[in-house]
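Take a look at the structure set out below.
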């Protein structure tokens, strides 16, 4: 590695896990090029049996100091193709992303369609993917077109060859032809650089007369259409009017292709990163544009508040109360971060936090309650009485008051549930306690939530609100 890389790894060792940094350093030193392009942090952690949160934090610190380039990729849930990418979440649009290969449009929800990956910086190590216009056909799909979540066979070349009738490299501003025999199958002519597809339904009586089909690549995305042809000879004429090298190929849309596209690893989603404390600490002030409103299908919100904080100031005095409240914030911050959550904001003595899954929020709430008991025991009093409320559901990621925030009814309900809590109570809605991992967590601790129908201020419907003893 370069002297710059050595210096940056020395910095990273001061910021990130002592178990994770050596694994990343080994990766950069020894891994083949393809393993350093669009690294899936969750897969990296699983393969090395490392803690996911420690790995995510290490890659975030590494990207911040320049070891890696962070990328936000909009992924097609059908074929796993990357439909758009950028170095910030600001590049993700509101409108549907259309996948030509799947002939479908998808709204870019942050928990299902936007992945975050890490590619080694050009300054640290030059890899083939830094020059995608020079990658061979199969490697372009492996390293550039497909999401980091794809589970690809070890013999990818053989599998792609089996589902491909023919391919060619089409230089910028050039023309080319292919001549081939069409089998009686459903075919897809697909070009991965421009994301252009043409479906060809081959049926009917075979013919010996040559058929002709012309495709012009302009760089503009157009709806995929279907052409009917007969089994027999075909001359495919291509014209590349773009400034990029293109890679058109004719694929057989059969079971083998579908098997290739079906299997996925979990990936680091934009939703999970927005609920990661390290990310919010490093990047949170410049994550979204004020005009962006990006959907999240499911996010868990936890609200806390100190009961009787005004009386606390009167009882023990401003200085002692301030120290107590600050200690309480410090403890909550540590617990939220250790449970894979993030504190979005504090409002007076209250905290709003998010978690990517309900069981993490419940685990945090139980630890918060116990931590307040310990703090009170150390003081020999009951000054810190924490009320907690939780709810899970869809929301929007937005910018409010120059801060990355969340908006929607789910947020309102979570806040209202917290407002119902009495002293030391943990309240949660059904979407929290009925979540299977949450139910397992509570059962393992011998806790049986008690339900009660409650009216929430400003919410028309009544909710089953559960108190966790």
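The values are calculated or read from the model by the stated rules, or taken from the named source; none is laboratory data. As the structure is a computational prediction, the values presented were derived from the model and not from experiment. Heads up, the Cβs are rebuilt from the backbone with ideal geometry, glycines too, and the neighbour counts pull from every protein chain shown.
Here is how the numbers come out for the structure above:
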read-out	value
Among the candidates 439, 414, 444, residue that is in the same structural domain as residue 300 (by TED's automatic domain parsing) and touching a helix residue (DSSP H, G or I) at 6+ places or on another chain (Cβ under 8 Å)	439
Residue match in region 133-140 (condition: buried (at least 20 other Cβ atoms within 10 Å of the Cβ) and in contact with a strand residue (DSSP E or B) (Cβ under 9 Å, 6 or more places away or on another chain))	no
Count - residues of region 122-133 that are part of a helix (DSSP H, G or I) and either under 30 Å from residue 7 (Cβ atoms) or without any contact (Cβ under 8 Å) to a residue 40 or more places away in the chain (or both)	4
Filter result for the condition that a residue is free of Cβ contacts under 8 Å to residues at least 60 places away in the same chain and at positive phi, over 49, 29	49
So residue 7, is it under 17 Å from the mean Cα position of the chain (by Cα) and farther than 30 Å from residue 107 by Cα	no
Among (1) surrounded by 14 or more Cβ atoms within 10 Å (Cβ to Cβ); (2) farther than 25 Å from residue 56 by Cβ; (3) not assigned by TED's automatic domain parsing to the domain that holds residue 59 - the single one residue 152 does not satisfy	(2)
Selection status of residue 250, closer than 22 Å to residue 143 by Cα, in contact with a strand residue (DSSP E or B) (Cβ under 7 Å, 6 or more places away or on another chain), assigned to a helix (DSSP H, G or I) and outside the structural domain of residue 99 (by TED's automatic domain parsing)	no
Enumerated helices (runs of 4 or more DSSP H) restricted to region 10-115, each holding at least 1 residues that are assigned by TED's automatic domain parsing to the domain that holds residue 221, within 30 Å of residue 200 (Cα to Cα) and modelled with pLDDT of 95 or more	none
Qualifying residue in region 250-262 (condition: touching a residue at least 24 places away in the same chain (Cβ under 8 Å), closer than 30 Å to residue 342 by Cβ and surrounded by fewer than 17 Cβ atoms within 10 Å (Cβ to Cβ))	no
Residue satisfying all of: in region 56-65; touching a helix residue (DSSP H, G or I) at 6+ places or on another chain (Cβ under 6 Å) and farther than 12 Å from residue 21 by Cα; surrounded by the most Cβ atoms within 10 Å (Cβ to Cβ) among these	64
Residue satisfying all of: in region 190-204; within 17 Å of residue 223 (Cβ to Cβ) and part of a strand (DSSP E or B); farthest from the chain's Cα centre (by Cα) among these	201
Filter result (surrounded by 13 or more Cβ atoms within 10 Å (Cβ to Cβ), more than 33 Å from the chain's Cα centre (by Cα) and assigned to a strand (DSSP E or B)) within region 413-454	451, 454
Sole exception among (1) modelled with pLDDT of 95 or more; (2) outside any loop (DSSP other than H, G, I, E, B); (3) within 30 Å of residue 153 (Cβ to Cβ) for residue 244, by number	(2)
Residues located in region 455-468, provided they are surrounded by 12 or more Cβ atoms within 10 Å (Cβ to Cβ) and out of contact with any strand residue (DSSP E or B) (no Cβ under 7 Å at 6 or more places or on another chain)	459
Residues of region 104-118 satisfying the condition of being in contact (Cβ under 8 Å) with a residue 60 or more places away in the chain and either closer than 18 Å to residue 266 by Cα or out of contact with any strand residue (DSSP E or B) (no Cβ under 7 Å at 6 or more places or on another chain) (or both)	108, 109, 110, 111, 112, 114, 115, 116, 117, 118
Residue list for region 208-220, restricted to those being touching a residue at least 24 places away in the same chain (Cβ under 8 Å), farther than 13 Å from residue 177 by Cα and either exposed (fewer than 14 other Cβ atoms within 10 Å of the Cβ) or out of contact with any strand residue (DSSP E or B) (no Cβ under 7 Å at 6 or more places or on another chain) (or both)	208, 209, 210, 218, 219
